[in-house]
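Just below is one structure, and these are the notes that go with it.
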């Protein structure tokens, strides 16, 4: 019989929450299997909008998924989407 701790965690849904759970498990050395029907992981309904007119409803400076790195989303914007890097703004 397998030890439950050695089995991978199965995550159904690869939206933001599923992707973050998989990332946190990987950081802890826990294997996981992410099941997602879409083509990209991490988008989900909330983050799959394709128009710049669609904005997040939280300021960029408050969008961190990591309590130990509160500015990670604002920092990511500065590197990857500098036109939207205002930490007080609402990113598309």
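The values are calculated or read from the model by the stated rules, or taken from the named source; none is laboratory data. It should be emphasised that the depicted structure is a prediction, and the values quoted were computed from it without experimental measurement. A quick note on method: Cβ atoms are made from the backbone with ideal geometry, for glycine too, and the neighbour counts reach across all protein chains shown.
Take residue 19 and tell me if it is touching a residue at least 12 places away in the same chain (Cβ under 8 Å), closer than 30 Å to residue 7 by Cα and out of contact with any helix residue (DSSP H, G or I) (no Cβ under 8 Å at 6 or more places or on another chain). So residue 19 fits the description; yes.
Here residue 5 meets each of (1) modelled with pLDDT under 80; (2) surrounded by 10 or more Cβ atoms within 10 Å (Cβ to Cβ); (3) assigned to a helix (DSSP H, G or I) with one exception, condition (2). The single condition among (1) in a loop (DSSP other than H, G, I, E, B); (2) at pLDDT below 90; (3) more than 14 Å from the chain's Cα centre (by Cα); (4) loosely packed, with under 11 Cβ neighbours inside 10 Å that residue 29 does not meet is (2).
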